[in-house]
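Asker: Have a look at this one before I ask anything.
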Amino acid sequence: MKFGVIVFPGSNCDRDADHAATQVLGQASELIWHKDTDLKGADAVILPGGFAHGDYLRTGAMARFSPIMREVMAFADRGGPVLGICNGFQILLESGLLPGAMLRNRGLKYRCEHVHVRVEQTDTPFTCGAEAGQVLRIPIGHGEGNYFAPPDVLQMLEANRQVVLRYTAPDGQLVDDANPNGSVHAIAGICNERRNVVGMMPHPERACEPALGGVDGLVILESIVKAFATA
């Protein structure tokens, strides 16, 4: 399969995602500039982490208008798998591909550390290789990862099983101390109603080789390869 990794001015995890796709997963990958208007045959799209356009105005607000996003939105509308990681998640929220918004972290500090997330749903192309309830240790690195949505949207997300990942303790228990940014309902990742678009704040591409301190991120990345192979 072929990954398309979108590159915005200020992206800083694009090479990491491309490395994970090619050198770890053994798949094809292409870096796609934000002004391009062609996904170049990508079977799956990754919006990587970073600070697109310097996060001016607010996170993801300017990247949402990049020409390539029209193609990403059309791709997602056709059912194509799209993964937004950290800043990519924020861009998905700004573009309306996912509901909700990101606020400044609780405590107003940038958080860069390993966290534990529990897999809530396994019927998305990015979690189909996981087990329900499986706890993954994956790093975060963000200042605005405090997921927020109004009560009616949260009710919809929970009813539709769109909460894909939650911050938990290592044993999978929901405890406030394990929520690094104050996200409502301890949400670390969600999907759209069609389940082909997933946004997550933790960085799976930073946890895919032993030298990086862990390989739990492979659960996310290998899932899409598995989903493509069985499609």
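Asker: Based on DSSP H runs of at least 4 residues, each adding -39500 (n - 2.57), what is the mean residue ellipticity at 222 nm of the chain after dividing by all its residues, to the nearest 500 deg cm²/dmol?
Answerer: -6000 deg cm²/dmol
Asker: A further question follows. Report the net charge of residues surrounding HIS114, where surrounding means a beta-carbon distance below 12 angstrom and charges are Lys +1, Arg +1, Asp -1, Glu -1.
Answerer: +1
Asker: How large is Rg over Rh for segment 2-230, taking Rg from the Cα atoms and Rh as the Kirkwood inverse mean of 1/r across Cα pairs?
Answerer: 0.92
Asker: Please figure out what share of the DSSP beta bridges in the chain is antiparallel and state it in percent, rounded to the nearest 5.
Answerer: Antiparallel bridges: around 60 percent, rounded to the nearest 5.
Asker: Please give me the summed charge of the neighbours of ALA227: other residues whose Cβ is under 15 Å from its Cβ, Lys and Arg +1, Asp and Glu -1.
Answerer: +1
Asker: Here's another thing I want to ask about it. What length, rounded to one decimal in nm, is gained on full extension from GLU193 through to LYS40, with 0.36 nm per residue of separation minus their alpha-carbon distance?
Answerer: Here the answer is 52.5 nm.
Asker: Springs between alpha-carbon pairs under 10 angstrom, Gaussian network model over the chain: which of ARG166, ARG206, ARG194 fluctuates most?
Answerer: Checking each option, the largest mean-square fluctuation is seen for ARG194.
Asker: Note down the nm distance, to one decimal, between modelled labels 7 Å out along Cα→Cβ at ASP123 and at LEU108.
Answerer: It is 4.3 nm.
Asker: Would you order ASP16, ASP36 from fewest to most other beta-carbon atoms within 10 Å of each residue's own beta-carbon?
Answerer: Starting with the residue having the fewest Cβ neighbours, the order is ASP36, ASP16.
Asker: If we count other beta carbons within 10 Å of each Cβ, what is the order of HIS185, HIS203, fewest first?
Answerer: HIS185, HIS203
Asker: Expressed in whole Å with the largest first, what are the equivalent ellipsoid semi-axes of segment 46-179 derived from the C-alpha gyration tensor as the square root of 5 times each eigenvalue?
Answerer: 24, 19, 14
Asker: Quick one: length gained pulling THR22 to ASP176 fully straight, 0.36 nm per residue minus the C-alpha distance?
Answerer: Gain on stretching THR22 to ASP176: 51.7 nm.
Asker: Now for a separate question. So which residue, out of GLY199, GLY50, GLY133, gets the largest mean-square fluctuation from a GNM of the chain using Cα contacts under 10 Å as springs?
Answerer: Of GLY199, GLY50, GLY133, the most mobile in the Gaussian network model is GLY133.
Asker: With a cap of 16 neighbouring Cβ atoms within 10 Å, and only residues DSSP puts in a loop, list the trypsin sites (Lys or Arg not before Pro) found in segment 1-77.
Answerer: LYS35, LYS40, ARG58
Asker: I'm checking a number: the convex hull volume of the Cα atoms of segment 122-212, normalised per residue, in Å³. What is it?
Answerer: 111
Asker: Between VAL119, VAL184, VAL197, find the one with the highest GNM mean-square fluctuation for the chain; connect C-alpha pairs within less than 10 Å.
Answerer: Of VAL119, VAL184, VAL197, the Gaussian network model singles out VAL184 as fluctuating most.
Asker: Can you sort PHE148, PHE126, PHE75 by how many other beta carbons sit within 10 Å, fewest first?
Answerer: Arranged by neighbour count, lowest to highest, PHE148, PHE126, PHE75 become PHE148, PHE75, PHE126.
Asker: Sticking with this structure for a sec: Full-extension gain between PHE228 and ASP77, please, as 0.36 nm times their residue separation minus the C-alpha to C-alpha distance.
Answerer: Using 0.36 nm per residue and subtracting the Cα-Cα distance, I get 52.6 nm.
Asker: Between PHE148 and TYR56, what is the label-point separation in nm under the 7 Å Cα-to-beta-carbon projection?
Answerer: Distance between the two pseudo-spin positions: 2.4 nm.
Asker: With a cut-off of 8 Å between alpha carbons and a minimum separation of six or more residues, what is the relative contact order of the chain in percent?
Answerer: In percent, rounded to a whole number, it is 20.
Asker: Given +1 on the Cβ of Lys and Arg, -1 on the Cβ of Asp and Glu, and no further charges, what dipole in debye does segment 2-230 carry about its Cα centre, rounded to the nearest 20?
Answerer: 300
Asker: Next question, about the same structure. Mind listing the phi-derived Karplus ³J(HN,Hα) values for segment 73-89, rounded to whole Hz, using 6.51, -1.76 and 1.60 with θ = phi - 60°, and x for any glycine or proline?
Answerer: Each residue of segment 73-89 in turn: 5, 5, 4, 5, 5, 7, x, x, x, 10, 10, x, 10, 6, 4, x, 4 Hz.
Just so you know, all these numbers are worked out from the coordinates, no wet-lab data involved. Computed from a predicted model, the values in this text were never measured in an experiment. Methodologically, a virtual Cβ is constructed for each residue, glycine included, from the backbone with ideal geometry; neighbour enumeration extends over all protein chains shown.
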